[in-house]
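Q: Take this structure, written in structure tokens, and hold onto it; I'll ask about it next.
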Amino acid sequence: MIIAGIISVLPSKNNELIKRIAFAGSVIVALASMFLAIGFDKSNTSLQFVQSNAWIPTFNINYAVGLDGISLVLILLSTILVPIVLLATWHESDGGRWSSKAFYILILVLETMMIGVFAATDLFLFYVFFEAMLIPIYFLIGGYGSDNKSAAAVKFLLYSLFGGLLMLASIIGIYVISGNQIGATFDLTQLATLEIDNRTENLLFLGFFIAFAIKAPLWPFHTWLPDAAKAATPGTSVLLLGVLDKVGTYGMIRFCIQLFPDASKTFTPIIITLAVVSIIYGAFMAIGQKDIKGLIAFTSISHFGFITMGIFAMTSQGMSGANLYMVNHGFSTAALFLIAGWMIKRRSSSTISDFGGLQRVTPVMAWTFFIAGMSSLALPGLSSFVSEFLVLVGTFTRYPIAAVIGTIGIVLAALYILIPVQKMLHGPIAAGNEKLADLSLREKLAISPVILIIILMGFYPKPVLDLINPTSEKVVVNAGYTDPVAKVVK
Amino acid sequence: MLTSANLVWLIALPLFSSAILLLAGKRSNSWGHVLATTVSASAFTVGVIEFFAMQGRPEESRAVTQKLFTWISVGTFKVDASLLLDQLSICFVLLITGVGTLIHIYSIAYMSHDLDRRRFFAYLNLFIAAMLLLVLGDSYLNLYVGWEGVGLASYLLIGFWNQKPAYATAAKKAFVANRVGDVGLSLAIMIAFATFGDVSFAGIKEHAEHASSTQLTAIGLMLLLAACGKSAQFPLQSWLGDAMAGPTPVSALIHAATMVTAGVYLITRSNFIFDQAPIAQLMVLVIGGVTLLFGAIIGTAKDDIKKALAASTMSQIGYMILATGLGPIGYAFAIMHLLTHGFFKASMFLGAGSVMHGMKDEVNMRKFGGIGKFMPITALTFGLGYLAIIGVPPFAGFYSKDKIIETAFNAGGVKGIALGVATLVGAMITAFYMTRVVILTFFGNERWGHTDEPHESPALMLIPIALLSVGSVVSGFVLSKGQGLVHWLEPIVNPLKEHHAEEFLPPIVVSAMTLSVVVIGVSIAIMKYRGDQLAVAPVNVSSLTKAARRDLFQDDFNETVFMRPGQSLVSNLLNLDYLVIDGTVRAVGSISLTAGSKLRSLQNGYVRSYALLTVIGALALLTVIWVVTA
């Protein structure tokens, strides 16, 4: 936030300087968050680094923040992705409607909001970040995107506002109830102790859930995503799909389940069904896409289905798997979008059939895309496999049929990745592809940490799982569930 | 159990070498193949050392393990990255690294003209690493990493010349068919975890007897599905023929000797599941029996020498799968046939590669003929492989295949007779199509239609073939001497503890029957293909031949049942998404726009959508407050 302030006072002519300051600032933030992770006590499941200052005392609204394992890893994801995105898309802002300066301010403001939304422990503060996040992203899509950007930006905004308002209604509702029972508060921990009658709880739950299902996005609330992803710049898409959408699934864990455990239980069958539909539907839609950005967007819908299924399976494997999935999906989608963005920029087209034979023209670009694709289809040895398998095994122990249908998704994943791989990377070199340039040094520097993370997290996910596990288990236990025990007891 | 610090090097060496070659790119052009081959040979050396160390230990302490690190641990789901080398996996380690190293050497010459040879070697090393992980993993999840890893290597190698669209498609087809099998493996692991709370071989083996037969049957059937994908068994067999798009050394190593036999390994490794799941075991027999005939029939009609050999591989793996369904003693015979097959089939594939090398990459046997006198060494080694596969004593196939046929007859009752007859008929067809391959390629009139005479391949190619053909001659005798392999594997699959059923037929009778059907098969082929042949395939052929040429309609079936309905489903979904789901959204949007413009006139130009939403929001808010406070 401070860096954004510094940039805003700089003259907008000095683009290069602005970019460098923004990048350096985001690196500092990333390093700071890593120090935070090192200082985090893994065995302690209560909130850490807690800060609370009165903000609007009249309504007992506090600027209250704190971290547990789940929010910490998501903040890490956000802060690591921002410098990568800035470096990867150095020239993205140049042709925009507004100046580069504005672009960088927007990105950094967005980063602040993202950190805030994951750290907030005051419901109202969360809501403010949740809604305020829309503003920078709206301008990022509308100001710097490709054709159709305005319509996509408005569609995105309307969808989100609609969900946001439903959530606001629920927030006010629960605030009123807390006023009747324990004294009006927005404090999450206190709100979780409320006794709410079933009908009300169900309604309040739905207010939150629909908002998050739009954000996540879950079928059938998904149609804004492909449009937004197609219109946005690749960097914006990375932040949109990689981080912002995680607020939806994060919200399901943090608010839907923790505040309304009974309603969560009531709606679980419906939600699991929607999640399974998302997995399969997203995959089929991805197979049918002609536009590479649209394809990646639909694969994400399929992946969000997995995440949601893992969350509501209410087993420690499902919950931890879903949390890990959020992180892994962030990195693999970031890789896919950034590399696809470079391809599109070079070829001036995002249509899959305009590419061909890239493996022989631009081997490095082709290989990085291939590895990111393999991660997306959850090849064992790469990061997504661990999370996807945890989700499936965690779901299987409670909802075997859902898990079986979800597993069919892995065949479809092979198709939706290998079809574009074959069309774009293999085959004879397509017309217009002969002279495409391979990755520059800057681009290689930007993408290599992502690829490295994808590989390392596939072989050694333990550091992240150690952060996630205690909190995930706590969520499951607090919601009143215990893991199903093996049928053959040792 | 003993631990050994060496095991990880088996995998790590080829893995690092592969990474180095891929990262170095063109810079490794001059030394890439040397590094890769050296690494493969080093892995083989480690394997040999481990083998002799194992042999020197008493039977109960032969297995060694190495725990590397905790891989995944969530709740009760704990999986270590941990390796296990026991009597079963050492067989595979030696096969993979031994045959693998020979094929590396062969490829140095075979691929010498290819600009991307270093990349080829990087993929080969990647394959070796993944295949070793597959057989060394001590749990199903570790195995799974290797399982998909070899699938990836196979994909990359089939599509090595992916600038040709058909080859790229073949690679994709192999990956997707394998993924269908992988669904089976995933589900088997999930069921195993739900049942036993464990996914390691040792953990499941210990408790297998306490599980219900439904659970074991479910696990068994899912494992069988996995095996069908990887080992090209019916109904997931269709990718193997197309996989011949890969360079010939790949066909020899991956699609004949090692990777495609992973299904046999999986079932043998899971013997504690199958032995207690009779229905799953019966399905194993059925799949094995169907595939061995299916492959053999296809093999009779193929004119592409590599595709004929691929059909033969499918059929021979059918024998192995069938053997694994025959209970404890069957596993040992399956592994024996797997090893002998590894030698003779790899030798014949490399021989086919040698022929292609001398024939300008021609694969159509109708355009071969009389090559024997130009390429005597290739012809001789191919001939030894031929005698081994059709099962002429004392060549390798005689020992291993006869045992399977004998055990099939001894399965008892109608089942025994059906299986016995199937394996016998398979042996006859094998003799027929292999004789056909040999005659069309090495004998008869010269049909290649150009004046350049075929030339014998360089020594770097011939030496590996020669070494493999030594294996096709002696391996059967060596492995079966004093029931050596059976005793060796006893601690894993308990073959000798089996209550010995009454022999249906004495071994000598089975051997006599097998030899007679082989003679019949060979004779028919000689009668049919002696004398001069045309350089084009006859058109006016029986409908069975036509069907076999079309791979018994396997692709037509998949296209009609899966691909076209799948495509129309996708296009329907695309329409549905645009018209119905997004349509609803757009309808709401346009209503709000209309309403908004009216509201705007009322409210002097507020942003219309905001305005409407504020109203909706306020209404929703009021409703909720009313509900909550009511």
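The values are calculated or read from the model by the stated rules, or taken from the named source; none is laboratory data. Quick caveat, the model's predicted, so the values are computed rather than measured. Every residue, glycine among them, receives a Cβ derived from its backbone with ideal geometry; neighbour counts consider all protein chains shown.
Q: With within 14 Å of chain B (Cβ to nearest Cβ) and not charged (D, E, K, R) as the only criterion, which of A:255, A:267, A:304, A:284 stands out? Full working, then the answer.
A: Numbers: A:255 fails: within 14 Å of chain B (Cβ to nearest Cβ); A:267 fails: within 14 Å of chain B (Cβ to nearest Cβ); A:304 fails: within 14 Å of chain B (Cβ to nearest Cβ).
The conditions single out A:284.
Q: Output the number of residues of segment B:216-247 satisfying the condition of being among the polar types (S, T, N, Q) and either in contact with a Pro (Cβ under 7 Å, 6 or more places away or on another chain) or modelled with pLDDT of 90 or more (or both). Step through it out loud before you land on a result.
A: Initial filter on segment B:216-247 (among the polar types (S, T, N, Q)): B:217, B:231, B:233, B:237-238.
Now restrict to residues that are either in contact with a Pro (Cβ under 7 Å, 6 or more places away or on another chain) or modelled with pLDDT of 90 or more (or both): B:217, B:231, B:233.
Adding up the residues that qualify gives 3.
Q: If residue B:191 satisfies all but one of (1) of a type in the set (Val, Ile, Thr); (2) within 12 Å of another protein chain (Cβ to nearest Cβ); (3) farther than 24 Å from residue B:493 by Cα, what's the number of the condition it fails?
A: Residue B:191 satisfies every listed condition except (3).
Q: Search segment B:194-211 for residues being more than 7 Å from chain A (Cβ to nearest Cβ), outside any loop (DSSP other than H, G, I, E, B) and in contact with a Phe, Trp or Tyr (Cβ under 7 Å, 6 or more places away or on another chain), and hand back the single one that is surrounded by the most Cβ atoms within 10 Å (Cβ to Cβ).
A: First, pick out the residues of segment B:194-211 that are more than 7 Å from chain A (Cβ to nearest Cβ): B:198-206, B:208-209.
So of that shortlist, the ones also outside any loop (DSSP other than H, G, I, E, B) come out as B:200-206, B:208-209.
Next cut, in contact with a Phe, Trp or Tyr (Cβ under 7 Å, 6 or more places away or on another chain) only: B:203-205, B:208.
Details: B:203: 17, B:204: 24, B:205: 17, B:208: 22.
Per the stated criteria, the residue is B:204.
Q: I'm told residue A:137 meets every condition in (1) in a helix (DSSP H, G or I); (2) surrounded by fewer than 20 Cβ atoms within 10 Å (Cβ to Cβ) except one. Can you identify the failing condition by its number?
A: Unmet for residue A:137, out of (1) in a helix (DSSP H, G or I); (2) surrounded by fewer than 20 Cβ atoms within 10 Å (Cβ to Cβ): (2).
Q: What are the residue pairs meeting all of these: first residue in segment B:212-236, first residue away from chain A (no Cβ under 12 Å), second residue in a loop (DSSP other than H, G, I, E, B), Cβ atoms under 6 Å, and 6 or more apart or on different chains?
A: Correct list of pairs: B:217/B:277; B:220/B:277; B:223/B:270; B:228/B:236.
Q: Right, another one. Can you tell me which of A:410, A:429, A:405 is assigned to a loop (DSSP other than H, G, I, E, B), within 11 Å of another protein chain (Cβ to nearest Cβ) and of a type in the set (A, V, I, L, M)?
A: On the way: A:410 fails: assigned to a loop (DSSP other than H, G, I, E, B); A:405 fails: assigned to a loop (DSSP other than H, G, I, E, B).
After applying the criteria, what remains is A:429.
Q: Only one of B:263, B:220 is part of a helix (DSSP H, G or I), surrounded by 24 or more Cβ atoms within 10 Å (Cβ to Cβ) and in contact with a Cys (Cβ under 9 Å, 6 or more places away or on another chain). Can you tell me which?
A: Working: B:220 fails: in contact with a Cys (Cβ under 9 Å, 6 or more places away or on another chain).
B:263 is the lone residue from the list that is part of a helix (DSSP H, G or I), surrounded by 24 or more Cβ atoms within 10 Å (Cβ to Cβ) and in contact with a Cys (Cβ under 9 Å, 6 or more places away or on another chain).
Q: Further question: Which one is farthest from residue B:193 (Cα to Cα) among residues in segment B:223-260 that are in a helix (DSSP H, G or I) and β-branched (Val, Ile, Thr)? Quick ask: steps written out before the conclusion?
A: Pass one, segment B:223-260, residues in a helix (DSSP H, G or I): B:223-230, B:239-245, B:248-257, B:259-260.
Filter again for β-branched (Val, Ile, Thr), leaving B:248, B:250, B:254, B:260.
Working: B:248: 40, B:250: 35, B:254: 30, B:260: 26 Å.
That would be B:248.
Q: For residues that are among the aliphatic types (A, V, I, L, M), at the interface with chain B (Cβ under 7 Å from one of its Cβ atoms) and either out of contact with any strand residue (DSSP E or B) (no Cβ under 8 Å at 6 or more places or on another chain) or surrounded by fewer than 24 Cβ atoms within 10 Å (Cβ to Cβ) (or both), tally how many sit in segment A:375-402. Before the answer, list the steps.
A: Looking only at segment A:375-402, we keep the residues that are among the aliphatic types (A, V, I, L, M), and these are A:377-379, A:382, A:386, A:390-393, A:401-402.
Filter once more, keeping what is at the interface with chain B (Cβ under 7 Å from one of its Cβ atoms): A:379, A:386, A:390, A:392-393.
Of the ones still in play, those that are also either out of contact with any strand residue (DSSP E or B) (no Cβ under 8 Å at 6 or more places or on another chain) or surrounded by fewer than 24 Cβ atoms within 10 Å (Cβ to Cβ) (or both) are A:379, A:392.
The number of residues fulfilling the criteria is 2.
Q: Just checking, how many residues over segment A:126-153 are over 20 Å from the mean Cα position of the chain (by Cα) and touching a residue at least 40 places away in the same chain (Cβ under 8 Å)?
A: 8
Q: So is residue B:66 in contact (Cβ under 8 Å) with a residue 60 or more places away in the chain and surrounded by fewer than 23 Cβ atoms within 10 Å (Cβ to Cβ) or not?
A: Numbers: in contact (Cβ under 8 Å) with a residue 60 or more places away in the chain: yes; surrounded by fewer than 23 Cβ atoms within 10 Å (Cβ to Cβ): yes.
Here the answer is yes, as residue B:66 does meet what is asked.
Q: Still on this structure, please answer the following. Among the numbered criteria (1) more than 14 Å from chain A (Cβ to nearest Cβ); (2) in contact with a helix residue (DSSP H, G or I) (Cβ under 7 Å, 6 or more places away or on another chain); (3) farther than 18 Å from residue B:96 by Cα; (4) assigned to a helix (DSSP H, G or I), which one does residue B:55 miss?
A: (2)
Q: All but one of (1) more than 10 Å from chain B (Cβ to nearest Cβ); (2) β-branched (Val, Ile, Thr); (3) under 21 Å from residue A:316 (Cβ atoms) hold for residue A:368; which doesn't?
A: For residue A:368, the exception is condition (3).
Q: Checking residue A:480 against (1) surrounded by 13 or more Cβ atoms within 10 Å (Cβ to Cβ); (2) out of contact with any Leu (no Cβ under 6 Å at 6 or more places or on another chain); (3) not hydrophobic (A, V, I, L, M, F, W, C): exactly one of these is not met. Which one?
A: So residue A:480 meets the others, but not (1).
Q: Same structure, new question: When segment A:413-426 is examined, which residues are found to be more than 7 Å from chain B (Cβ to nearest Cβ) and either more than 30 Å from residue A:483 (Cα to Cα) or touching an Asp or Glu at 6+ places or on another chain (Cβ under 6 Å) (or both)? Before the answer, list the steps.
A: Going through segment A:413-426, the residues more than 7 Å from chain B (Cβ to nearest Cβ) turn out to be A:413, A:416-417, A:419-421, A:423-425.
Hits for segment A:413-426 are A:416, A:417, A:419, A:420, A:421, A:423, A:424, A:425.
Q: Now for a different question. For segment A:159-178, name all the residues that are at the interface with chain B (Cβ under 8 Å from one of its Cβ atoms) and touching a residue at least 60 places away in the same chain (Cβ under 8 Å). Can you show your working first?
A: Residues of segment A:159-178 at the interface with chain B (Cβ under 8 Å from one of its Cβ atoms): A:159, A:161-162, A:165-166, A:168-170, A:172-173, A:176-177.
A:159, the sole residue that qualifies.
Q: Test of understanding: among B:382, B:368, which residue is in contact with a helix residue (DSSP H, G or I) (Cβ under 6 Å, 6 or more places away or on another chain) and at pLDDT below 90?
A: B:368
Q: In the set A:191, A:204, which member is within 16 Å of residue A:258 (Cβ to Cβ), more than 10 Å from chain B (Cβ to nearest Cβ) and not polar (S, T, N, Q)?
A: A:191
Q: Another one. What number of residues within segment A:439-466 satisfy the criterion of being surrounded by 19 or more Cβ atoms within 10 Å (Cβ to Cβ) and more than 12 Å from chain B (Cβ to nearest Cβ)? Give the steps one after another, and end with the answer.
A: Of segment A:439-466, the ones surrounded by 19 or more Cβ atoms within 10 Å (Cβ to Cβ) are A:439, A:443, A:446-447, A:450-451, A:453-454, A:457-458, A:461, A:464-465.
Still in the list and also more than 12 Å from chain B (Cβ to nearest Cβ): A:439, A:443, A:446-447, A:450, A:453-454.
Residues in segment A:439-466 being surrounded by 19 or more Cβ atoms within 10 Å (Cβ to Cβ) and more than 12 Å from chain B (Cβ to nearest Cβ): 7 in total.
Q: Given the criterion in contact with a helix residue (DSSP H, G or I) (Cβ under 8 Å, 6 or more places away or on another chain), of a type in the set (A, V, I, L, M, F, W, C) and within 14 Å of another protein chain (Cβ to nearest Cβ), identify the matching residue among B:93, B:48, B:79, B:99. Break it down stepwise before answering.
A: Working: B:93 fails: within 14 Å of another protein chain (Cβ to nearest Cβ); B:48 fails: within 14 Å of another protein chain (Cβ to nearest Cβ); B:99 fails: within 14 Å of another protein chain (Cβ to nearest Cβ).
Unique residue meeting the criteria: B:79.
Q: Taking only segment A:21-45 into account, find how many residues are among the aromatic types (Phe, Trp, Tyr), in contact (Cβ under 8 Å) with a residue 24 or more places away in the chain and part of a helix (DSSP H, G or I). If you could, list the steps in order and put the result at the bottom.
A: Initially, segment A:21-45 is screened for residues among the aromatic types (Phe, Trp, Tyr), giving A:23, A:35, A:40.
Those left that are additionally in contact (Cβ under 8 Å) with a residue 24 or more places away in the chain: A:23, A:40.
From what's left, part of a helix (DSSP H, G or I): A:23.
Within segment A:21-45, residues that are among the aromatic types (Phe, Trp, Tyr), in contact (Cβ under 8 Å) with a residue 24 or more places away in the chain and part of a helix (DSSP H, G or I) number 1.
Q: Residue B:30 versus (1) closer than 20 Å to residue B:4 by Cα; (2) without any contact (Cβ under 8 Å) to a residue 40 or more places away in the chain; (3) outside any helix (DSSP H, G or I): which is the lone unmet condition?
A: (1)
Q: Kindly indicate the residue of segment A:468-490 that is over 12 Å from residue A:320 (Cα atoms) and assigned to a helix (DSSP H, G or I) and also farthest from the other protein chains (Cβ to nearest Cβ) among those meeting that condition.
A: Keep residues of segment A:468-490 that are over 12 Å from residue A:320 (Cα atoms), which gives A:477-490.
Remaining after also requiring assigned to a helix (DSSP H, G or I): A:477-478.
Numbers: A:477: 11, A:478: 15 Å.
Per the stated criteria, the residue is A:478.
Q: Moving on. Answer yes or no as to whether residue B:524 is surrounded by fewer than 18 Cβ atoms within 10 Å (Cβ to Cβ) and within 30 Å of residue B:109 (Cβ to Cβ). It would help to see each step written out before you state the result.
A: Numbers: surrounded by fewer than 18 Cβ atoms within 10 Å (Cβ to Cβ): yes; within 30 Å of residue B:109 (Cβ to Cβ): no.
Criteria not met by residue B:524.
Q: Only one of these conditions is not met by residue A:90: (1) at pLDDT 80 or above; (2) aromatic (Phe, Trp, Tyr); (3) under 20 Å from residue A:26 (Cα atoms). Which number is it?
A: Among (1) at pLDDT 80 or above; (2) aromatic (Phe, Trp, Tyr); (3) under 20 Å from residue A:26 (Cα atoms), the lone unmet condition for residue A:90 is (1).
Q: For segment A:359-389, how many residues are within 18 Å of the chain's Cα centre (by Cα) and part of a helix (DSSP H, G or I)? Break it down stepwise before answering.
A: Residues of segment A:359-389 within 18 Å of the chain's Cα centre (by Cα): A:372-373, A:375-378, A:383-388.
If we keep only those that are part of a helix (DSSP H, G or I) too, we end up with A:372-373, A:375-376, A:383-388.
Qualifying residue count, segment A:359-389: 10.
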